[in-house]
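Only one structure is covered here, and it is reproduced in the block below.
The values are calculated or read from the model by the stated rules, or taken from the named source; none is laboratory data. This structure is a prediction, so every number in the text was calculated from the model and none was measured. Cβ sites come from the backbone with ideal geometry, for glycine too, and all protein chains shown count toward neighbours.
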Protein chains: 2
Amino acid sequence: MSLVYVHFFSVSLDGFGTGEGQTKDLHFGHAGERLHQWMFKTRAWKAGGSAGIDDVFMQRHDQGIGAEIMGAGKFGHPGWEDDPDWKGAWGPNPPFHTPVFVLTHHTRPAIEMEGGTTFHFLDAAPAEALETARAAAGGQDIRIGGGPTVIRDFLAAGLIDHAHIVVVPILLGRGVRLWDGLEGLEERYAIESVVSPSGVTHVTLSRRSQ
Amino acid sequence: MSLVYVHFFSVSLDGFGTGEGQTKDLHFGHAGERLHQWMFKTRAWKAGGSAGIDDVFMQRHDQGIGAEIMGAGKFGHPGWEDDPDWKGAWGPNPPFHTPVFVLTHHTRPAIEMEGGTTFHFLDAAPAEALETARAAAGGQDIRIGGGPTVIRDFLAAGLIDHAHIVVVPILLGRGVRLWDGLEGLEERYAIESVVSPSGVTHVTLSRRSQ
């Protein structure tokens, strides 16, 4: 059976996975790009970047992944559903290179992008969405791409095997929380932490054997 | 000028400093003692315990401290104000050994305990409470002892010099949050993290020079 991963989803020290006030220009609202500064310093992001622990985690993004599931908020700003020409916030050649299933109540025909990414639109609960993604992944693993609500829903439904969360030492104060409603998650997942010299803490959740 | 410290205040990964449903027997509500397991394994707690990083942080508790300020919820369960004989949740010889200022709207005469602890009861805002504690501390430093609301209020008021928060890898799901209302705290404090082999992450906030 293929596995289900979350790769380097960043939250603030106070647990917000995105800020308040998301717009077309501010994909993460008032958080701006502050949750992702650590990524921009890695070799995975730019030539000459660090090859340390942040990079090692970054390099996991594509390994063995056959499909991604993302929320409507990762695909676009609030209101994209009303724009028939909207093709996502990820440019003409999105960094996914697989089928991507966008969870939305406003479905539309699939959009084929450059580089192997095809966006499919799905109005489905987590378990059903995962079944659909698995069928498209050719036996490979599935990435749950975020945002915070989607990751929380998949964790709550017990559908994730390995989650990698990056705690960034800033306090956003407002936005969408990742951890809400997940009381006792440590009973189902072994939780490990490691601090990077960049200042972020990599937290990995590994599903305990049944 | 004496400094103001928070020493090893523990929160869950989802940011709760105490659980829900505090009673006389459950000082931390449904959290029980799960936020403090890491402490019980140190040499500071018991002979033969670990002398590693958790212990080093534990040993900071008393060094140079001349007074503590704590909230009503650290002094006792909800309703202690109605019990004229209540002398705190800390036994006959409390682990403070200095004057302790309990913030409460229900003041009463001071209570002298064994071992140097005297509880004083104060209905005051953070800045005024700090002034009172400083006057009693004989030039030594002040510890802000918690709970989460008190630490948050003192952080928000800019009154803390060094805060040490311990993030425990459990999800409480409910209770009282530490980090609420502290947006942008990283602009005023340098934040460092280090993971202990015990699994907890020690987060230190050091006030930036003006």
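Screening residue A:40 with (1) under 23 Å from residue A:198 (Cβ atoms); (2) surrounded by 15 or more Cβ atoms within 10 Å (Cβ to Cβ) gives one miss only, at (2). Residues in segment A:1-31 that are buried (at least 23 other Cβ atoms within 10 Å of the Cβ) and more than 15 Å from the chain's Cα centre (by Cα): A:13, A:14, A:31.
Results for (1) at positive phi; (2) of a type in the set (A, V, I, L, M, F, W, C); (3) out of contact with any strand residue (DSSP E or B) (no Cβ under 9 Å at 6 or more places or on another chain), shown as yes or no for each residue.
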| position | (1), (2), (3) |
| --- | --- |
| A:43 | no, no, no |
| A:46 | no, no, yes |
| A:54 | no, no, no |
| A:60 | no, no, no |
| A:72 | no, yes, no |
| A:79 | yes, no, yes |
| A:82 | no, no, yes |
| A:94 | no, no, no |
| A:122 | no, yes, no |
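Which one is nearest to the chain's Cα centre (by Cα) among residues in segment B:75-111 that are charged (D, E, K, R) and surrounded by 12 or more Cβ atoms within 10 Å (Cβ to Cβ)? Residue satisfying both the conditions and the ranking: B:87.
So that you can scan it fast, the table gives a plain yes or no per residue for (1) of a type outside the set (A, V, I, L, M, F, W, C); (2) closer than 27 Å to residue B:194 by Cβ; (3) in contact (Cβ under 8 Å) with a residue 40 or more places away in the chain:
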position	(1), (2), (3)
B:97	yes, no, no
B:120	yes, no, no
B:127	no, no, no
B:135	no, no, no
B:156	no, yes, no
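Only residues that are surrounded by fewer than 20 Cβ atoms within 10 Å (Cβ to Cβ), more than 7 Å from every other protein chain (Cβ to nearest Cβ) and closer than 26 Å to residue B:28 by Cα were counted in segment B:170-189, giving 1. The single condition from (1) touching a strand residue (DSSP E or B) at 6+ places or on another chain (Cβ under 8 Å); (2) at pLDDT 95 or above that residue B:187 fails is (1). I'm trying to understand the selection: among the residues of segment A:127-155, which are surrounded by fewer than 19 Cβ atoms within 10 Å (Cβ to Cβ) and either more than 28 Å from residue A:56 (Cα to Cα) or within 14 Å of chain B (Cβ to nearest Cβ) (or both)? Hits for segment A:127-155 are A:127, A:128, A:131, A:132, A:135. Scanning segment B:190-208 for residues that are assigned to a strand (DSSP E or B), surrounded by fewer than 18 Cβ atoms within 10 Å (Cβ to Cβ) and without any contact (Cβ under 8 Å) to a residue 60 or more places away in the chain returns B:190, B:192, B:204, B:206, B:207. Within segment B:112-121, is even one residue β-branched (Val, Ile, Thr), over 19 Å from residue B:85 (Cα atoms) and away from chain A (no Cβ under 14 Å)? Scanning segment B:112-121, I find no residue that is β-branched (Val, Ile, Thr), over 19 Å from residue B:85 (Cα atoms) and away from chain A (no Cβ under 14 Å), so the answer is no.
Can you name the residue in segment B:156-169 that is surrounded by fewer than 22 Cβ atoms within 10 Å (Cβ to Cβ) and part of a loop (DSSP other than H, G, I, E, B) and, of all such residues, is nearest to the other protein chains (Cβ to nearest Cβ)? Per the criteria, the residue is B:169. Residues considered: B:133, B:127. Of these, the only one that is out of contact with any helix residue (DSSP H, G or I) (no Cβ under 8 Å at 6 or more places or on another chain), within 30 Å of residue B:14 (Cα to Cα) and in a helix (DSSP H, G or I) is B:127.
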